[in-house]
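Below is one structure, written out as C-alpha cells; the observations come after it.
The values are calculated or read from the model by the stated rules, or taken from the named source; none is laboratory data. What you see is a predicted model; the values in this text were computed from it and never measured. Using ideal geometry, Cβ is built from the backbone for each residue, glycine included, and neighbour counts are taken over all protein chains shown.
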Amino acid sequence: MVSSDRLVPAGRSLLLSYRADRMRRLGSLVGQSILLLITSSSILAVLFIFYFIGRDAIPFFQAEGFREFFTSADWYPSGDPPAYGALAIFYGSAMVTVGATLVAVPLGVLAALCLSDILPFSIRQMVKPVIEILAAIPSVAFGFFALVVFAPLLQEHGGRLLAWVGWLVGGPLAVLGVVVLSDLATAGLPEKLRAAGRGAIGLVLAVVAFVGLARLGDFFHGLQIVTGVNALNASIILGIMALPTVVSVSEDALQAVGRELREGSYALGATRAETLVRVVIPAAASGISAAVILGVMRAVGETMVVWMASGNAAHVPEPWYDFLASVRTLTANIAGDMGEADQSLGSSRYHVLFAMALCLLAVSFALNMLSEWAVHRSRKKMRGQ
Amino acid sequence: MRLGTRKLIDRGMTALGIGSIVLLAAALLVFLAPIVVRGLGAFVFRGTIEYRQLTLEKFGRGDVDAVEAEQAEAVEARRPVYEMLSAYKKELADGHESLDEAKKQFRADRKEMRRHEGLADQQRADAQAELDRREAELDRRGEQLAKHEASLVELEELIRELLGPEPGQSVPVLWRDQYGQTRWDRAQVKLDQILNVETWVDQDDPDQPRVRVLVPRADAFEGTTLAPLFPYIENNAEAMLLPRLTFYWRFLTDTSFDAHFFGGIWPEILGTIYLTLGAMLFAVPMGVVAAIYLVEYAREGFLVRVLRTFINTLAGVPSIVFGLFGLAFFISTMHVSPSKSVLAGSMTLAMLILPMVIRASEEAIRAVPATYKEAALSLGASKWWAVLTVILPAALPGVLTGIVISMGRAAGETAPIIFTAAVSVGKPLWPWEALSQPTPALPWNIYNLATEHEAVDEIRHVQYGMVLTLVLLVLLLNAAAIVMRARISKKLRA
Amino acid sequence: MTENTLHIPARKTTLPDRKPAPAAPSRVHVRAEEFSVFYGQNEAVRKVSFEIPAGQVTAIIGPSGCGKSTFLRAINRMNDLIPGCRAAGKLLLDENDVFGPRIDVTALRRRVGMVFQKPNPFPKSVFDNVAYGPRIHGVRGRTRLMDVVQRSLRKAALWDEVKDRLPQNALGLSGGQQQRLCIARAIAVDPEILLMDEPTSALDPQATSRIEDLIGELRGNYTVIAVTHNMQQAARISDFTAFFYEGDLIDFGPTTQLFTNPREKRTEDYITGRFG
Ligand SMILES: Nc1ncnc2c1ncn2[C@@H]1O[C@H](COP(=O)(O)OP(=O)(O)O)[C@@H](O)[C@H]1O
Ligand SMILES: [Mg+2]
C-alpha cells in the first residue's frame, strides 16, 4: 500500500505518547480559552458600560435624590440654585419616539408586506438597494437635511404640506372606508333593497368623510408654524431613519411564514389582502413586533437627528400633544450639555448626564430583552408548525 | 361581504403597499437631491476674480499674468464706485462744513438777540420763534447728515464685503476681510443686501408674525451724489467680479483656512479615515475571532446563549452612551490619552461596530459549505488549520462585505466621537500624532459648522460639500459591499 | 431505485468478468468488534463485527438510513464533528482502537482518506487542491509538490485532462472531473485506506463508469471501502460486500458469494430488489 518511492513523508504512528497527548489536550484547551476570552470581550464591554455609566450616575442621585429628577420639569442645571428636573426631557424623548414609530411602523410593515408578497422578484431586487442605502446614510447627514432643508420648508409651507398629506393619505382611505362601511351596513337588508341602500348610505358617508377631510385640511392650512425645528420634524426624519430596520426585519419575519400557509388560505378563496391580514401577519406577529421594537430602539438612541431637528427646548409642549413645539430629548441633552458640563467635572451638572445615560441604557436594555423574547417566540412558533 | 368590496380592499392594500415603497424611494430622492446638487456647489461654482486672486496669493496656484490682467480689468470697473464714494464723502464733509458755518451764524444771531433787551414783547417773540425755527432746521440737517453718515458706513462695509478692501488701504488680519466675495452666488446675495434694505414690519393683527419688506437702499441716498452708485453696481457687478466657472476639486485635499471660510476639508477627511481605520483595527480581529469561535468551536448551550444576548445588548446601546463611556473609561480611567484623541475615539467606535462585525462574519462563516471543512479534516488537517486555510478564505468575501458595511457605519457615527475624539478646527495629523491628539472629522464638523459656526449661512457650500463627501464615502463603501456580495453569489453558483 | 438503474438498464446484477481477487486476503486492515455508533439515544450502527481485508475493495450496501455512512465515517472519525455522536465497542485499525484514548486523529485521517458523496473541491486552484494535503504533511517546494500533484492526478486518471489547467479554479471542472480531483486530493497524502461515501451518486453515468474504472485501478494499492446503495455497482467494483440493514450488519462475505448465493433471506430480498 505504501508506494515504493515516497514523496510525502511517512505518517506518524497512530498512537500519541502520553506526553504528546497531554500537550495536545492542553494546547486545544488553551487555544479555545483564548478564543473564548476574545469572544467574551462583548460581555466585558457591556458590563463595563453599565459599570462606568452607573459609577458616574450614582453621585448625582446621592447628591440630588430621585424625586426631582423624575418628577419635575424644571431644567436649569446652570441656575442658582440649579434645578435638575428631567421630566420634560424624558417627555421629549418619548414624544419623538412615538412620532417616529407612527411614521416608521405603518410604512415599514406595509413596505415589507409589499416586498414579501406583492412585488415581483425583479422589482424587489431594485428596491432592496434603496433600503440599504437609506440604512447606510449617516445620521448626521439626516440631521443636516432636517435642519437646513426640511426645517425652513416646514416653517414656511408646513401648513400646506400637512394639508396635502392629509388629503393624500385620508382621501383613498376614506373612499375605501365608505365602500366597506356601506357594504357592511347593508348586509342585513333584503336582496332587493341592498343596492339602493348601499348607494344611499355610501352617499351620506362620502359627504361626511369629505367634509371631515376638508375641515382637517383647513385646520392644517391655518396652522402657524413658529419654528421648523420641532418634534414633528425630528419624528419624520427619525421615522425615515428607522424605516430600513423595520422593513428588513419584518420582511424576514414575513418570508419565514411558509408558502404552504399562504397557499392554504388562497385555496379557500381568500384574496391576497385577506390572506395577509388573517393568516400571514398573525403568523409573523412576533417577528414583526421584534422589528417594531428594533425600530423604536433606533429612535430612542438616535442623537444627531434629534439634536439638530428637535429645537432643544427643555419644556413639555403646551398642549401636551403639540408636535409643532420644540422639544429636547435625553440623547440631545447629553450631547449638548456635556460641552459645558465637562469643565465642571465632578459636579452634579456632569453626573446628571450620566444619570440620563443610565436611563437610556436601561430602556434600550429592556427593549432589547423584549425583542429577543419576541424573536425567540417567533422561532419557537415556526418550529412548532 | 360583496366580492367587489373584497377585491377593492385587496387592491387598496396593494396600492398602500406600493405607495409606501414609492414613498420610501421618494424619501431617499428628496434627501439626496439637495445634498448632491448643493454639495457639488463646493466643487463646481462660479468663482470671482477675488477667488482667483486668493488662490494665487495664498495657495500659489494659477497663472500670475492672467490673474493680474483680470485684476486690472476689475480695478478699472470698480474705480467709479470708489470715486462716487469719495465724492459723496466730500459732499458730506461739505455738508458738515456748511452746517458748522450755519451753526456759528445761528449762535452769533442768538447772542445778538439776547443783547437787544429793549425790544418789544411782540418783536421779541417773533425773533425767538425765528430762532427756534432755525435751530430746528439745523438739528434736522445735523440728524440727516448723521443718518447719511451711518448709512454710508453700512454701505461701505457691504461694499468691502463684496469687493474686498479698497485698494491702497492697510491689509486686514482675517482672510475673509482681505478679499471680497470669492463665489458668485454669495456675491449676488451681498449685491442684494447692497441694493435693498431688509426690514420687518408688524402686521395689523399683532398675533400674526411680522412681514419682511425690502426697501431699495438708494432711497436713503436720493438726491445725493451717491444715487447713481446703485444702478452702477447693479449693472457692473459682473465686470467688477468677473465670475467664471471654476472646478475646485482640491476641496477634498486642501486644509481649511479662516474657520472654513476658505480652503477644503482635508483635515476632516483624514480624521474620518483615521477614526474609521482605527476602529476597524480593533474591531475586525476581535469580531472575526469571536465569529470563528461562535461558529466553529462553541457548543450550543448556555454559554453561547449568554454570549449572543450580550452581543445583542451591545448592538442596542445608544451611540451617545458609547460616547459617555469612552470619556469615562478610555480617557478618564484608562488615560489612553491626556484628553480627546483619535485613539480613544477609535476604541469607542470599535465597541460600537463590534457586534456588526461579529454578526456579519458569523453569517459569512456559517455560509461556507460544511463539506469544505470535512474535506480538509479528512486530509489530516487539524481544526484550526482547516479554519485558517479553507474556511476563512472561503468566507473572506462575505466577511469583507460585512466589514466594509461596518466601516461605513463607523465613518458616519458622530455621537461616540463628540467627547472622545472630535474637535472643530485642527490641522491634518500624522499617524503617530493620532495616538494622542484629537482631530476634526466629517460627521462632527458637519454638525458643528451647521449649528455653531459664526457665519452659518456664508459657508453653506462647505457644509453641503462635507455632507456630500461623507454620504458618497459611505455609499461607495456600501456599493463595494453590494458588488462583492453579487460576486460571491455568482461564485457560489458557478 | 437509483439513477444508475434508470440510466443503464442494460447492466444487470451479474458479475462482470474482471481480474480475480487475490487468492487469499493478505491481512485484516479494519476490524469491528461489537461496534456501535449512537446519535444521542438513537443507535445508528448496532454492534457490528467484521473484518475488512487490506488491499481489496469492500462495498457497503443497504437501504437508505441503515447506517452505512455512519459506519464509514466512524473509521476516520469524521463523526466527531457531529455533536452528540458517540461510539461503543471496538473499531481496530491495524490493532489500534480508532476510538482509543491517545489516538492522534490527524494521523489517523491521514492514513484513512475520504471521498464524499458530492464532489467537494476547495474553491482554490486545481494544483492547490491536490497540494493541500501534502503541504500539511510537510512537503515543501514547488517542484516536489508538483511531483506529488502530478503523480496523484495520474493515479486518479485526471492528469491528461487538467495538466493545462492546474492554476485554474477547481470549481470550473465538470462534476466527474471534480470527483476524480477529490480522489487525487485524497491519494496525494499517501493514505492506506480510501473511504468513499456513494462517490458516484451525484454523477452522470459516463462519469460514474470512469470512477468505477478508477476504483478498479486503485485495488491492490489501497484498501477501498465504498458505500453504495446501487447493487450493480457493488457487484461491479467490489471484492467483498457488507450488507447493512437498520443499523445491523446482516451479511458480509466475498461479493461473488453474496450475490450468487446469499446466506441470508433479507440479503437475497434486497439484492433482488424486493425492498430498499
Ligand atoms: N447528524 C445526525 N444526527 C442524528 N442522527 C443522524 C445523523 N446522521 C444520520 N443520523 C441517523 O442515523 C441513521 C443512519 O444514517 P446514515 O448513516 O446517514 O444512513 P445511510 O445508510 O443512508 O448513509 C439514520 O437513521 C439517520 O436518521
Ligand atoms: Mg449516506
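Only residues in the stretch C:52-70 that are under 15 Å from C:MET196 (Cα atoms) count as the first member; pair them with residues that are near ligand 1 (Cβ under 6 Å from one of its atoms) and part of a strand (DSSP E or B), Cβ under 7 angstrom, at least 6 apart or cross-chain, and list the lot.
C:GLY67/C:ALA44; C:THR70/C:ALA44
Let me confirm something: among B:LEU214, B:LEU191, which residue is closer than 24 Å to B:GLY41 by Cβ and out of contact with any His (no Cβ under 8 Å at 6 or more places or on another chain)?
Working: B:LEU214 fails: closer than 24 Å to B:GLY41 by Cβ.
The match here is B:LEU191.
Report, ordered by the first and then the second residue, all pairs with beta carbons closer than 8 Å, sequence separation of six or more or different chains, a first member in the stretch B:422-444 that is free of Cβ contacts under 8 Å to residues at least 40 places away in the same chain, and a second member that is among the acidic types (Asp, Glu) and surrounded by fewer than 18 Cβ atoms within 10 Å (Cβ to Cβ).
As it stands, the answer is B:SER424/B:GLU452, since those pairs meet every condition given.
Any idea which of A:LEU107, A:LEU119, A:LEU102 is away from chain B (no Cβ under 13 Å) and not aromatic (Phe, Trp, Tyr)?
Values: A:LEU107 fails: away from chain B (no Cβ under 13 Å); A:LEU119 fails: away from chain B (no Cβ under 13 Å).
Exactly one residue qualifies, and that residue is A:LEU102.
Taking only the stretch B:1-34 into account, find how many residues are more than 7 Å from every other protein chain (Cβ to nearest Cβ) and surrounded by 17 or more Cβ atoms within 10 Å (Cβ to Cβ).
2
If I go through the stretch B:47-69 residue by residue, how many of them are surrounded by fewer than 18 Cβ atoms within 10 Å (Cβ to Cβ) and either among the charged types (D, E, K, R) or touching a residue at least 40 places away in the same chain (Cβ under 8 Å) (or both)?
Adding up the residues that qualify gives 7.
Kindly evaluate B:ALA415 against the criterion of being touching a residue at least 24 places away in the same chain (Cβ under 8 Å), in contact with a helix residue (DSSP H, G or I) (Cβ under 6 Å, 6 or more places away or on another chain) and more than 8 Å from every other protein chain (Cβ to nearest Cβ).
no
Looking at the stretch B:364-373, can you tell me whether even one residue there is buried (at least 23 other Cβ atoms within 10 Å of the Cβ) and at negative phi?
Yes, some residue in the stretch B:364-373 is buried (at least 23 other Cβ atoms within 10 Å of the Cβ) and at negative phi.
Name every residue in the stretch C:152-178 that is within 12 Å of chain B (Cβ to nearest Cβ) and assigned to a helix (DSSP H, G or I), in order of residue number.
C:SER152, C:ALA170, C:LEU171, C:GLY172, C:GLN178
Out of the residues in the stretch C:81-94 that are surrounded by 17 or more Cβ atoms within 10 Å (Cβ to Cβ) and more than 9 Å from ligand 1 (Cβ to nearest atom), state the one that is farthest from the other protein chains (Cβ to nearest Cβ). Don't jump to the end; show me each part of the working.
Narrowing the stretch C:81-94 to residues surrounded by 17 or more Cβ atoms within 10 Å (Cβ to Cβ): C:85, C:87, C:89, C:91-93.
Then keep just the ones that are more than 9 Å from ligand 1 (Cβ to nearest atom); that gives C:87, C:89, C:91-93.
Values: C:ALA87: 16, C:GLY89: 18, C:LEU91: 12, C:LEU92: 11, C:LEU93: 7 Å.
Applying the filter and picking the extreme gives C:GLY89.
Tell me, which residue of the stretch A:25-45 that is hydrophobic (A, V, I, L, M, F, W, C) and more than 7 Å from every other protein chain (Cβ to nearest Cβ) is nearest to C:ILE103 (Cα to Cα)?
Step by step, filter the stretch A:25-45, then rank; the result is A:LEU26.
Give A:GLY27, A:GLY54, A:GLY31 a once-over and let me know the one that is in contact (Cβ under 8 Å) with a residue 60 or more places away in the chain, of a type outside the set (A, V, I, L, M) and either more than 30 Å from A:ARG298 (Cα to Cα) or assigned to a helix (DSSP H, G or I) (or both).
So the residue among A:GLY27, A:GLY54, A:GLY31 that is in contact (Cβ under 8 Å) with a residue 60 or more places away in the chain, of a type outside the set (A, V, I, L, M) and either more than 30 Å from A:ARG298 (Cα to Cα) or assigned to a helix (DSSP H, G or I) (or both) is A:GLY54.
Does C:ALA184 satisfy the condition of being part of a helix (DSSP H, G or I), within 14 Å of chain A (Cβ to nearest Cβ) and either farther than 27 Å from C:TYR39 by Cα or away from ligand 2 (no atom under 16 Å from the Cβ) (or both)?
When the stated conditions are applied, C:ALA184 passes them.
Just to check your reading of the model, which residue among C:VAL105, C:VAL149 is crowded, with 21+ Cβ neighbours inside 10 Å, without any contact (Cβ under 8 Å) to a residue 40 or more places away in the chain, within 11 Å of another protein chain (Cβ to nearest Cβ) and away from ligand 2 (no atom under 16 Å from the Cβ)?
Exactly one residue qualifies, and that residue is C:VAL149.
For the stretch B:22-46, which positions are of a type in the set (Val, Ile, Thr), closer than 30 Å to A:PRO106 by Cα and without any contact (Cβ under 8 Å) to a residue 60 or more places away in the chain?
Correct list: B:VAL22, B:VAL30.
Going by what's in this entry, would C:ILE75 be described as more than 8 Å from every other protein chain (Cβ to nearest Cβ), within 15 Å of ligand 1 (Cβ to nearest atom) and modelled with pLDDT under 90? Walk me through it before giving the result.
Working: more than 8 Å from every other protein chain (Cβ to nearest Cβ): yes; within 15 Å of ligand 1 (Cβ to nearest atom): yes; modelled with pLDDT under 90: no.
Answer is no for this residue.
Please work out which residue is surrounded by the most Cβ atoms within 10 Å (Cβ to Cβ), limiting yourself to the stretch A:163-193 and to residues that are more than 18 Å from B:ARG6 (Cα to Cα) and within 11 Å of chain B (Cβ to nearest Cβ).
A:VAL169
Please go through the stretch C:108-124 and give me each residue that is within 16 Å of ligand 1 (Cβ to nearest atom) and either farther than 25 Å from C:GLY55 by Cβ or within 8 Å of chain B (Cβ to nearest Cβ) (or both), ordered by number.
C:MET114, C:PHE116, C:LYS118
Out of A:GLU318, A:GLU340, A:GLU302, A:GLU372, report the one residue that is assigned by TED's automatic domain parsing to the domain that holds A:LEU102, charged (D, E, K, R) and surrounded by 23 or more Cβ atoms within 10 Å (Cβ to Cβ).
A:GLU302
If you check C:VAL149 against the conditions, is it more than 15 Å from A:PRO9 (Cα to Cα) and of a type in the set (A, V, I, L, M)?
Considered against the rule, which asks whether it is more than 15 Å from A:PRO9 (Cα to Cα) and of a type in the set (A, V, I, L, M), C:VAL149 comes out as no.
Just one of the numbered conditions (1) without any contact (Cβ under 8 Å) to a residue 40 or more places away in the chain; (2) within 27 Å of B:ALA87 (Cβ to Cβ) is not true of B:TRP200; which one?
Of (1) without any contact (Cβ under 8 Å) to a residue 40 or more places away in the chain; (2) within 27 Å of B:ALA87 (Cβ to Cβ), only one is false for B:TRP200: (2).
Here is a list of conditions, (1) surrounded by fewer than 23 Cβ atoms within 10 Å (Cβ to Cβ); (2) in the same structural domain as B:TYR464 (by TED's automatic domain parsing); (3) in a helix (DSSP H, G or I), and B:GLU300 meets all of them except one; can you say which number that is?
(3)
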